[in-house]
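The values are calculated or read from the model by the stated rules, or taken from the named source; none is laboratory data. Since this is a predicted model, take the numbers as computed values, not measurements. Neighbour counts run over all protein chains shown; Cβ positions are idealised from the backbone, glycine included. Just so you know, the surface numbers come from the protein's heavy atoms only, side chains and all, with ligands and any DNA or RNA stripped out. Shrake-Rupley method; radii C 1.70, N 1.55, O 1.52, S 1.80 Å.
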Amino acid sequence: MTACSFQEYIAKPIDTAALTQKIAGRRADNALFQQYLINSGYPPARLPIQQWELDDLIHCALFFNPSLDVARAQWRSAEAAKLSAAEMRLPSIGGQYSKSNNASEEISPHAYGLSIEIPIETANKRNIRIESAQHLSEAAKLRIAQAAWQLRNDVTKAFNEYQANRQQIKLLSKEQAYRQDVVAIYQKRIDLGESSNIELSKAKLQLQTLNTELESKQRHHLVLLSSLASSLGLPLAQVEQMQIADAANTKIPGTSASNTQAQTDLQTQALLNRLDIRIALERYAIAETKLKLEIARQYPDIVISPGYAYEFGDKIWSLGLSSLMTILTKNKLAIAEATQLREVEAKQFEALQTNVIAEVNVANARLTQAMQLLENQKNLYRQQQANTRRMDSRLRTGEIDRLELSYAKLEEVLAEQHIALANFQLASSINDLENAIQAPLAGSSITNEKFENLTSTP
């Protein structure tokens, strides 16, 4: 009885108020999220997370950000299309009833007819449709991994910008203290008649400019935190309560180098890992199956129609055979169109590979440049530290005054700021290269293999 029942339409309106409440209620200490982390390899003793590092935040985005749910829904739709493609065409049944005016009383005035049409597909069309649906499903599955990688990129970028801004605030505050000392020294000298107002005004102007920059960085802090919250899929109020770990020194990857062999290795890694390349291969396979299907449609399907009729007292059996006359045109126009579509996919794949190789080369060159810049800034910082130590020794021996030492400390802070900026550029360059090859360079357990297993909702 259940098999014979029909499904009924059930309306499912979107409850915007409930969705808003659901979004606002997302919390990083959610029990389901804790279980998800355990399933991802986190030791239970480390939970709940107290200091959020980059990989922790990426796991948070993979759990809470709704963009993955969209990709999963699209994949499930493609999976349902696979079942539809495998369905065979059902037979159809028809009947008729006729009644004459009974002009001849010797025959029955009634006529009944019953016929069945049984479609038969030729040239393996059903299996070709199944093959096309399988490629569509695989492409949709890869788009889940692609969406996950985009989340990783967004979180990493937001995290790096947040950490760089926080470091700049710290160093600008340090510079502010030294510049306030400089202003105080000049003010004291003016009070003693040992300095001019011009020097004091210049020092105050520099302090005022610094205060404006520091306030700008402090205001931008909330903007960057909001951007991070958006990538994580959590409310801003929840992210503000999370203790985000301080930025560690950026690890310089050992895989990047300017030599030809290393460049070739990175290109090969990109061509093997890039999800958009694998999706493009699936699109080309779909174009291939479309062409195969159009070629198969040269051969007409057949419909067998057995029937029985009772006509005015006579019993009549019949067997009909019908088919479309596609053999006359041999489906030439559709085949030509499918052939051109396949050619388009082939050219797009070639263009994609060319762009990927160029993207890897540019990203690797920028990483090499960022590494060199950081090394140069570190050397300058060490030189400035040595100079500050010399100035401190000279102050103790009475060779210089506090003002000269304060300026030496200011130069050291500026050198430290340049290192912080170079560290941010290096972290950004590493993220760009990881995106170009779609594989972590070092130190991360979050890979494409993990992303490809995200078809089920956590």
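A few comments on the model shown:
- Averaged over its residues, the chain has an accessible area of 60 Å² per residue, based on protein heavy atoms and a 1.4 Å probe.
- Pairs of alpha carbons in segment 303-386 whose separation is greater than 16 Å (percent): 79
- Restricted to Cα atoms, the chain shows a radius of gyration and a Dmax of 36.2, 142 angstrom.
- Which of Trp149, Gln417, Asn101, positive extreme of dipole for the chain (C-beta unit charges): Gln417
- Projected area, mean over directions - segment 210-363, Cα convex hull, nm²: 22.7
- Links that overshoot a 23 Å alpha carbon limit, given the list Lys290/Lys450; Lys82/Lys141; Lys157/Lys347; Lys82/Lys330; Lys170/Lys204: Lys290/Lys450; Lys157/Lys347; Lys82/Lys330
- Taking a straight Cα-Cα cut-off under 30 Å and skipping sequence neighbours fewer than 8 places away in the same chain, the lysines within cross-link reach of Lys99 are Lys315.
- Computed in the context of the full set of protein chains, the accessible area of segment 358-426 at 1.4 Å probe radius has 51% of its extent on carbon or sulfur.
- Debye, to nearest 20: dipole size of segment 373-420, +1 on Lys, Arg Cβ, -1 on Asp, Glu Cβ: 160
- When restricted to Cα atoms, segment 1-94 yields an Rg and a Dmax of 21.1, 72 Å, respectively.
- Here segment 1-83 exposes an accessible surface that is 61 percent carbon and sulfur, computed with a 1.4 Å probe and the other protein chains kept in place.
- Relative contact order for segment 169-245, counting Cα pairs under 8 Å that sit 6 or more residues apart, in percent: 28
- Shape category assigned to segment 1-157 from the gyration tensor of Cα positions, a/c cut at 1.5: prolate
- Were the residues from Asp69 through Gln372 laid out at 0.36 nm apart, the gain over their Cα-Cα distance would be 104.9 nm.
- Cα-based Rg of segment 135-231 normalised by 2.2 N^0.38 Å, two decimals: 1.88
- The radius of gyration of the Cα set in segment 110-177, together with its Dmax, comes out at 31.0, 109 angstrom.
- The chain: angle of helix 275-296 to the longest principal axis, Cα-based, in degrees nearest 10: 20
- Segment 364-446 shape via C-alpha gyration tensor axes, a/c threshold 1.5: prolate
- Tail fraction, Cα-Cα pairs, segment 308-458, threshold 17 Å, whole percent: 80
- Once C-alpha pairs closer than 8 Å and six or more residues apart are averaged by separation and normalised to the residue number of the chain, the relative contact order reads 24 percent.
- When the Cα positions of Tyr284, Ala24, Thr329 are compared along the charge dipole of the chain, Ala24 comes out farthest toward the positive end, with charges on each C-beta of Lys, Arg, Asp and Glu.
- Amide H contacts of Trp52 (H built 1.01 Å from N, in plane; Pro and chain starts excluded): Gln243, Ile244, Ala245 sit under 5 Å, all sequence-distant by 5 or more or on other chains.
- Estimated from the Cβ-Cβ distance and a Förster radius of 45 angstrom, the FRET efficiency linking Lys99 and Ile120 is about 0.80.
- Gyration tensor (alpha-carbon) shape descriptor, segment 189-246, a/c threshold 1.5: prolate
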